[in-house]
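The values are calculated or read from the model by the stated rules, or taken from the named source; none is laboratory data. Everything numeric in this text was worked out from a predicted model, so none of it was measured. For neighbour counting, all protein chains shown are included, and Cβ atoms are generated from backbone atoms with ideal geometry for every residue, glycine included. Ligands, DNA and RNA are excluded from the accessible area calculation, which covers all protein heavy atoms including side chains. Shrake-Rupley method; radii C 1.70, N 1.55, O 1.52, S 1.80 Å.
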Amino acid sequence: MTSLNMDPNIAQPDDFYARLLAAHEGKSKAESDAINARLILILANHIGDTPVLLEALDLAAEA
Amino acid sequence: MFDDRYTLANKIYPYEKSPDQDLPDAVRHPVVIVGGGPIGVATALDLGQQGIPVLVLDDHEGIGMGSRAICFAKRCLEIADRYGCGEPMLDKGVVWNLGKVFHRDDKVFEFNLLPEQGHKYPAFINLQQPYFEEYMIDRLRHLQAEGAPIQLRGKNRVDAVAVKGDHVVLDVMTPDGAYQVEADWLVACDGASSPLRDMLGQDFTGKVFEDSFLIADIRLKGDVSFPTERWFWFEPSHGEGASMLLHKQPDDVWRVDFQIGWDVDRKHELKEKNIRRRLDAFLGGVEYDMVWSSIYTFQCKRMDSFRHGPVFFAGDAAHQVSPFGARGANSGMQDVDNLGWKLGLVIKGQAPDALLDSYSVERVHGADENILNSTRSTDFITPKSEISKIFRDAVLTLAGKARFARPLVNSGRLSVPCVYDGLPLNGPDRLTGGPARTRVGAPMVDAPVDGAWLLEKLGGEFQLLTIDADAPELLDVDGIPVRRVALSAVGNPELADRYLGDGPSAVYLMRPDQHVAARWDHYDPAAVRAALNTATARA
Ligand SMILES: Cc1cc2nc3c(=O)[nH]c(=O)nc-3n(C[C@H](O)[C@H](O)[C@H](O)COP(=O)(O)OP(=O)(O)OC[C@H]3O[C@@H](n4cnc5c(N)ncnc54)[C@H](O)[C@@H]3O)c2cc1C
């Protein structure tokens with residue numbers, strides 16, 4: 001069974017982080033919320049694996 | 001005297017004074033059913049077909065006006081078929097397969113139910129509830145004419161009930177005054193606001209959703225028509241509803257549903273000019289007649305137990321769901337299907353009282369599944385919180401572009417029958433590689449056999465379905481007969497696919513409600529006997 005990858009997995013972390021913020025630049029709070037929600041759905045579908053998704057949900061909720 | 005609480009579409013069982021009313025003592029009936037709605041009438045058909053005397057009491061004299069339910073699902077129609085009234089429903093009903101989903105006027109996607117071949121009944125038909133009820137009452141009259149011991153008394157309102165150990169006493173009001181009726185068993189099918197539930201002090205708990213829906217049934221004038229499809233809009237830009245549904249019914253009638261919010265002035269909204277304002281915003285210049293309109297709010301609730309001694313609750317009296325997914329009448333019919341044979345066996349002395357507890361266990365399981373599904377649809381259609389709306393809108397925005405988001409769009413999950421997985425009446429599942437859809441606890445899946453339909457051969461009694469396997473034609477298991485239905489899957493790929501799976505042969509023990517009690521790959525007398533005793537709570 002796969003489990004949530006807790007190790008660094010993004011090659012250029014600073015680049016990714018900057019792209020994430022750039023996607024929200026100049027957006028209203030409502031637009032940003034919508035982008036985030038779509039992003040979560042897109043990524044969740046890409047992962048697909050239910051146990052991994054549930055682990056990710058728990059980690060996010062407990063943080 | 002008492003007045004009608006609602007207008008009648010069809011005064012089909014007018015009040016007639018019963019001789020019981022003039023007798024000094026209350027007459028004792030084996031079974032009394034309170035409520036002549038679809039569920040009460042279905043119960044009368046089930047028991048009446050078994051030759052068990054039933055008395056139905058209803059506080060009106062016929063079928064209520066207004067369509068209410070319009071979607072009747074396959075399993076519900078199969079049950080009606082077993083009661084001898086499925087075919088007129090299918091003939092009158094509208095069959096649809098294509099659904100379209102819109103968000104702010106743009107079509108997001110469409111889906112096709114892609115019916116599987118080899119079933120007598122389609123996944124769904126649209127039919128006004130009054131027709132559904134009328135065909136059942138026609139059947140009831142037909143059975144009466146054949147001598148079935150069914151009585152249906154209009155304008156007989158139950159005002160009080162007393163449970164006296166092994167029977168109940170009812171106070172019944174009629175236009176000629178009050179009288180009493182006694183019953184060994186009482187089936188309460190008196191609807192969502194069940195007076196009997198209150199009289200017996202039973203709770204009805206769950207969630208109330210803070211929204212209301214305006215329904216308008218309209219008939220288009222002139223040459224305009226819409227295709228026979230289900231159209232659902234989220235946030236239509238005309239602003240006359242947070243969501244809207246358009247669906248076709250027989251007689252060229254269209255159902256339009258507007259989600260209009262919680263704080264509405266019902267009287268105001270139901271004025272024809274206000275309904276027309278909403279309809280016109282959506283229909284533009286189209287002309288139409290108004291057929292029926294209503295405002296409904298909804299809840300997802302159920303009783304803790306559907307049995308209280310000699311009293312059973314069925315249909316909306318026992319459980320209520322939001323209309324999304326059409327699970328109200330559909331699940332009520334499954335209640336009846338479940339209760340009928342159990343009550344029959346207990347009345348005939350062939351099974352112990354404990355069998356009747358399984359009615360509540362199995363149907364609570366079904367109700368929970370329906371409540372879960374309809375709550376989820378409701379949460380999607382009327383999001384409860386800001387974040388739930390954000391995700392809902394994200395799904396809708398993505399669904400237009402990305403296929404993966406489409407299964408997340410929930411405008412009502414269509415009603416499918418529940419499988420009694422893991423419940424006490426189930427016997428062993430010993431068919432190696434057997435198909436999951438016909439596993440123990442599942443309702444039998446239809447298939448074409450010899451120019452007819454499998455389900456037409458099943459039900460009403462315990463049966464042993466043998467597919468390319470040997471077994472005696474008739475078994476007697478301690479007084480309960482089990483008749484064999486022998487079939488071959490040779491040259492019948494549907495039957496093989498639905499019942500054999502990987503193996504060469506199969507033996508299914510079937511309950512009278514067409515659910516699978518146990519299955520094996522060959523006939524074993526001791527195993528069949530044990531499974532039948534488990535399925536009738538005699539083990
Ligand atoms: C807008 C709307 C849309 C719906 N759409 C669907 C759908 O598409 N598919 C679906 O399956 N379901 C649908 N439903 C649900 C469906 O209409 C109900 O589940 C169904 O009518 C329940 O039948 P019932 O016999 O349990 O109760 P009811 O139909 O309410 O019948 C109860 C009967 O008991 C009688 N009664 C009450 N009190 C007494 C008394 N004291 N003495 C004697 N008689 C009494 C009443 O007069 C009535 O005749 C919808 C409901 C609504 C409101």
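Things worth noting here:
- Among the residues examined, B:Val482 does not qualify as closer than 30 Å to B:Ala123 by Cβ and either open to solvent by less than 10 Å² (accessible area, probe 1.4 Å) or not in a helix (DSSP H, G or I) (or both).
- Selected residue [under 30 Å from B:Ala326 (Cα atoms), more than 14 Å from chain A (Cβ to nearest Cβ) and not hydroxyl-bearing (Ser, Thr, Tyr)] from B:Leu464, B:Leu475, B:Leu455: B:Leu455
- Scan of the range B:317-361 for residues that are within 8 Å of the ligand (Cβ to nearest atom) and surrounded by fewer than 24 Cβ atoms within 10 Å (Cβ to Cβ), ordered by number: B:Pro323, B:Ala326
- Residues of the range B:269-292 include none that is under 17 Å from B:Phe209 (Cα atoms) and touching a strand residue (DSSP E or B) at 6+ places or on another chain (Cβ under 7 Å).
- Taken as a whole, the structure leaves B:Tyr135 outside the set of residues that are of a type in the set (Ser, Thr, Tyr), open to solvent by 10 Å² or more (accessible area, probe 1.4 Å) and assigned to a strand (DSSP E or B).
- Which listed residue is at positive phi and within 15 Å of the ligand (Cβ to nearest atom), from B:Gly201, B:Gly177, B:Gly191: B:Gly191
- Yes/no for B:Leu90 being within 26 Å of B:Gln334 (Cα to Cα) and touching a Gly at 6+ places or on another chain (Cβ under 9 Å): no
- Counted residues, the range A:38-56 - those being loosely packed, with under 12 Cβ neighbours inside 10 Å and over 16 Å from B:Ala394 (Cβ atoms): 4
- In this structure, B:Leu396 does satisfy being more than 23 Å from the chain's Cα centre (by Cα), within 14 Å of chain A (Cβ to nearest Cβ) and open to solvent by less than 20 Å² (accessible area, probe 1.4 Å).
- Of the candidates B:Asp421, B:Asp446, the single residue that is buried (at least 18 other Cβ atoms within 10 Å of the Cβ), of a type in the set (D, E, K, R) and in contact with a Gly (Cβ under 8 Å, 6 or more places away or on another chain) is B:Asp446.
- When residues of the range B:297-316 are limited to those that are modelled with pLDDT of 90 or more and near the ligand (Cβ under 9 Å from one of its atoms), the one most open to solvent (accessible area, probe 1.4 Å): B:Asp316
- None of B:Gly434, B:Gly459 is at pLDDT 95 or above, at positive phi, assigned by TED's automatic domain parsing to the domain that holds B:Pro504 and not hydrophobic (A, V, I, L, M, F, W, C) except B:Gly459.
- Applying a threshold of 7 Å to beta carbon distances and a minimum spacing of six or more residues, or different chains, the list of pairs starting in the range B:68-81 at a residue that is without any contact (Cβ under 8 Å) to a residue 60 or more places away in the chain and open to solvent by less than 20 Å² (accessible area, probe 1.4 Å) and ending at one that is more than 11 Å from the ligand (Cβ to nearest atom) and part of a helix (DSSP H, G or I) reads B:Leu77/B:Gly86; B:Leu77/B:Met89; B:Leu77/B:Leu90.
Residues are listed down the side, and each one gets a yes or a no for (1) among the aliphatic types (A, V, I, L, M); (2) over 28 Å from the mean Cα position of the chain (by Cα):
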{"position": "B:Val485", "(1), (2)": "yes, no"}
{"position": "B:Asn492", "(1), (2)": "no, yes"}
{"position": "B:Arg498", "(1), (2)": "no, no"}
{"position": "B:Asp502", "(1), (2)": "no, yes"}
{"position": "B:Ala506", "(1), (2)": "yes, yes"}
{"position": "B:Met510", "(1), (2)": "yes, no"}
{"position": "B:Ala518", "(1), (2)": "yes, no"}
{"position": "B:Tyr523", "(1), (2)": "no, yes"}
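- From B:Leu465, B:Leu425, residue being in a strand (DSSP E or B) and under 23 Å from B:Asn338 (Cα atoms): B:Leu465
- Those residues of the range B:264-312 which are among the basic types (Lys, Arg) and part of a helix (DSSP H, G or I), in sequence order: B:Arg266, B:Lys267, B:Lys273, B:Arg276, B:Arg277, B:Arg278
- Check on B:Gly491, exposed (fewer than 15 other Cβ atoms within 10 Å of the Cβ) and not assigned by TED's automatic domain parsing to the domain that holds B:Gly84: yes
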